[in-house]
Amino acid sequence: MRSLTVAKFAAATTALLLAASGTAYAFTDDRPAAPAPAPASVTHAGDVRIDESAPVITRENILIHAPLPTIWKIQTDVENWPAWQPNVVSVVKDTPGRLRPGSVFRWSTEGLDITSTVKQVKPGKRLAWGGPAQGITAVHVWTFTPTRDGVLVHTEESWTGAPVTANQAPLQTALDNSLHNWVNNLKHQAETQTPK
């Protein structure tokens with residue numbers, strides 16, 4: 001009976017964390033053979049960073065063939081996430097106006113209600129949010145780097161807390177899949193809105 005309880009806890013925790021990190025189904029099942037290298041993002045003193053000592057960390061990169069303003073608008077228009085992220089049912093901003101440090105938004109995904117607080121906004125360059133959920137602390141950072149071929153979007157997220165330590169392997173897989181799906185959904189949405 002104990003193993004059933006542990007299994008149920010792990011499944012519930014995985015579902016919560018997928019929801020907290022923004023799980024969405026990808027429009028493709030193709031996964032890169034190896035992780036793409038992180039861009040040479042310039043960070044400055046005071047930039048919000050993930051917890052590099054966290055037991056679960058995921059990084060994803062994707063090149064999006066769309067203008068930076070289009071990508072930024074899609075990503076920061078949190079109330080419109082359900083239009084392009086299939087698992088996000090609803091999003092409500094508690095703080096009106098554009099996202100800024102301290103902005104709070106509540107969202108529902110996979111039957112769970114999540115509250116996120118924006119930690120940093122550098123328009124068109126950098127966005128970070130996070131917060132605790134059932135003993136797990138998440139930090140999610142996005143950077144946007146224009147290139148000759150489009151915009152390189154880099155995201156990284158860390159999870160810490162007792163539930164993560166207790167279920168590291170399945171939660172690592174869950175976060176890997178979540179961020180992979182999110183960047184692919186963002187790419188699809190931005191490129192669909194961009195005239196050829």
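Ranked from highest to lowest mean number of other Cβ atoms within 10 Å per residue, what is the order of the peptides 131-137, 180-186, 143-149? List each step's numbers first, then the result.
Details: 131-137: 16.7, 180-186: 22.7, 143-149: 13.9.
Output ranking for 131-137, 180-186, 143-149: 180-186, 131-137, 143-149.
Quick one: if you stick a label point 7 Å off each Cα along the C-beta vector at Thr95 and Asn80, how many nm between them?
2.1 nm
Find how much the distance from Ala45 to Thr147 grows on full extension, using 0.36 nm per residue of separation minus their present alpha carbon separation; answer in nm with one decimal. Working shown, then result.
Details: separation 102, 0.36 × 102 = 36.72 nm, distance 2.41 nm.
Here the segment from Ala45 to Thr147 would lengthen by 34.3 nm.
Expected output is a single nm value to one decimal: the length gained when fully extending between Gln168 and Thr115, i.e. 0.36 nm times separation in residues minus the C-alpha distance. What is it? Don't jump to the answer; show the numbers that get you there.
Working: separation 53, 0.36 × 53 = 19.08 nm, distance 2.26 nm.
Gain in length upon complete extension: 16.8 nm.
For the residue pair His188 and Thr70, what label-to-label distance in nm results when each label sits 7 Å from Cα along the Cα-to-beta-carbon direction?
1.6 nm
Hey, which of these cross-link pairs are over 18 Å Cα-Cα: Lys73/Lys93; Lys73/Lys125; Lys122/Lys196; Lys93/Lys187; Lys119/Lys187; Lys93/Lys125? Walk me through the intermediate numbers first.
Details: Lys73/Lys93 15 Å; Lys73/Lys125 12 Å; Lys122/Lys196 28 Å; Lys93/Lys187 23 Å; Lys119/Lys187 24 Å; Lys93/Lys125 21 Å.
Pairs exceeding the cut-off: Lys122/Lys196; Lys93/Lys187; Lys119/Lys187; Lys93/Lys125.
Quick one: which of 45-56, 77-88 comes out on top by average Cβ neighbours within 10 Å, and what's the full order, highest first?
On the way: 45-56: 14.4, 77-88: 17.4.
With the highest mean Cβ count within 10 Å placed first, the list reads 77-88, 45-56.
How fast does the range 72-159 diffuse by Stokes-Einstein, in µm²/s, taking the Kirkwood radius from C-alpha pairs at 4 °C and 1.567 mPa s? Write out the running numbers ahead of the final one.
On the way: Rh = 13.7 Å.
Value of D from the Cα-based Kirkwood radius: 94 µm²/s.
Could you tell me the distance between the Cα centroids of the range 147-196 and the range 38-104, to the nearest Å?
Computed from Cα coordinates, the inter-centre distance equals 10 Å.
Rounded to whole Hz and in sequence order, give me ³J(HN,Hα) for the range 123-134 from the Karplus expression 6.51 cos²θ - 1.76 cosθ + 1.60, θ = phi - 60°, writing x for Gly and Pro.
With the stated coefficients, the range 123-134 comes to x, x, 10, 8, 8, 9, 8, x, x, x, 8, 6 Hz.
Read the figures in this text as sums done on the coordinates, not as results from a lab. Everything quoted here is computed from the prediction, not taken from an experiment. Glycine also receives a Cβ, built like all others from the backbone with ideal geometry; neighbour counts cover every protein chain displayed.
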